[in-house]
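Accompanying notes for the structure given below.
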Amino acid sequence: MTTVLEVRGLSKNFGAIQAVNNVSFTLSEGEMLAMIGPNGAGKSTCFNMMMGQLKPSSGTVLLRGENLAGLAPRDIWRKGVGRTFQITSTYQSMTVVENVQVALISHHRRLFSIGPRARALYRDRALGFLETVGMRDQADRHCAVLAYGDLKRLELAIALCHEPSLLLMDEPTAGMAPKERNELMQLTAGIVAERGISVLFTEHDMDVVFGHAHRILVLNRGELIAEGSVSDIRNNARVQEVYLGGGTLFKKEEAGADA
């Protein structure tokens, strides 16, 4: 399989505090890789270094062999890295389709020359992305009246606008109801399969992680302590100890059978 992302020895210090320590992993084309760990494990710090919000103290972040470490977020975005955030950020005064149009206008570098034609620019293309995430019928609704799950789907449409090869999703299902969580991740999995996008996501909901990740990374206190398949991580004694307080990782249906 083709390697899209290769992280080597990624570290970040904040003074005497070692937030991330020598983290290394790879991500293949079309793979959904979950990064999990307790609060303070270093997940968001890793994401922020990969997306340019933080400069690494050391290490490299290679996108198809090109080092992104230390580049500005806009430059990393233009090289094909998309991101969604734990807390959605859309233009509430604009409609759904206008939010996607703004992303497309930025991608095509027309922010300073759009004039009065902005409302018509890339509308059909924006509607296509909304169709992809199942929101075309809400194109002309204002974001201020959308349900939270719909805002998450809109954010995914926006993240797809520059045709990324890598998508970073920071707790994509945070704040969503269980049914909405599974629907969003099933949607994401379908897009990954169709377009060959690679996805790295953080998540606290283990049902989401075990249900949709191809592989799992586990961080604790800034260090990578485990990596492997769902089965590997489910049965890893160290993961159970540091992440789940010694509990056993199991599927809901298995628990129901034993009840």
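Taken together, the values in this text are just the output of simple stated rules run on the coordinates, not laboratory data. These numbers come from a predicted model, not from an experiment. Neighbour counts are summed over all protein chains in view; Cβ atoms, including those assigned to glycine, are modelled from backbone coordinates with ideal geometry.
Points to keep in mind about this one:
- Sequence-ordered 3J(HN,Hα) estimates for segment 41-52 from the Karplus curve with 6.51, -1.76 and 1.60 and θ = phi - 60° stand at 6, x, 4, 5, 4, 4, 4, 5, 6, 5, 9, x Hz, glycine and proline given as x.
- Net length gained if the chain between residue 79 and residue 223 were fully extended (0.36 nm per residue, minus Cα distance): 49.1 nm
- Burial order of peptide ranges 31-44, 132-145, 175-188 (average beta-carbon count within 10 Å, highest first): 31-44, 175-188, 132-145
- In the chain, lysine pairs with alpha-carbon atoms under 29 angstrom apart (chain gap of 8 or more, or interchain): 17
- Translational diffusion coefficient (Stokes-Einstein; Kirkwood radius from C-alpha pairs) of the chain at 4 °C, 1.567 mPa s, in µm²/s: 67 µm²/s
- Fraction of alpha-carbon pairs over 14 Å apart in segment 83-163 - percent: 56 percent
- Candidates 238, 109, 125: whichever shows maximal mean-square fluctuation once the chain is modelled as a Gaussian network with Cα springs under 10 Å: 109
- The alpha carbon centroids of segment 24-74 and segment 158-220 are separated by 16 Å.
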